[in-house]
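Trainee: Please read through the structure below; I'll follow up with questions.
Here, each number is a calculation from the coordinates, and none is a lab measurement. Computed from a predicted structure; not experimentally measured.
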Amino acid sequence: MSSEIVEIVERIPTVSEYQFLRASVGWHNHSATIVERSLQNSLYSVCAIDCDLVVGYGRVVGDGYLYFYLQDVMVLPDYQGRGIGYRITKKIHNYVLSIAQPGTFFGLMAAAGAASMYEKFGFQRRPDTMPGMFIWIGAS
């Protein structure tokens with residue numbers, strides 16, 4: 001299970017692969033219909049695959065011109081700490097840089113403890129004078 005064996009490929013996971021990854025990292029899940037529509041509206045997706053098992057995933061959402069958001073970078077717990085999340089992020093980062101125009105915004109919301117990895121790609125923490133904000137609609 002070394003990270004060198006794990007391949008990073010451009011593809012959207014199946015609904016069940018995505019739901020399994022979310023559950024494995026402790027994130028709440030959504031209905032299969034919502035997940036399928038959400039995944040299909042991604043701008044770019046990559047899966048980390050070991051043999052035939054999807055062990056990680058990440059994607060880009062946004063308008064494809066001015067705004068890009070790194071979303072859903074997740075790796076199965078048994079595969080964490082092997083650089084797979086970094087490799088997923090690198091592939092996505094390179095994709096966005098290849099199409100972004102001057103003045104493009106590329107943002108993310110990092111999971112607890114993950115900010116330092118994203119800083120390696122040039123992402124900066126928002127200052128207190130520019131707080132990030134969010135609403136979970138109907139979430140419990």
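Trainee: How large is Rg/Rh for region 54-116, to two decimals, with Cα atoms and a Kirkwood Rh?
Mentor: Radius of gyration relative to Kirkwood radius: 0.99.
Trainee: So what are the ³J(HN,Hα) numbers for region 119-136, from phi and the Karplus equation (6.51, -1.76, 1.60; θ = phi - 60°), rounded to whole Hz, Gly and Pro as x?
Mentor: 4, 4, 9, x, 5, 10, 5, 6, x, 4, 6, 9, x, x, 9, 7, 9, 8
Trainee: Here is a follow-up. Can you bin every Cα-Cα distance in the chain into 5 Å intervals starting at zero and give me the percent of pairs per bin, rounded to whole numbers?
Mentor: 2, 9, 19, 22, 22, 16, 8, 2, 0, 0
Trainee: Same structure, new question: So what is the relative contact order of the chain, in percent, for Cα pairs below 8 Å that sit 6 or more residues apart?
Mentor: Normalised by residue count, the contact order of the chain is 21 percent.
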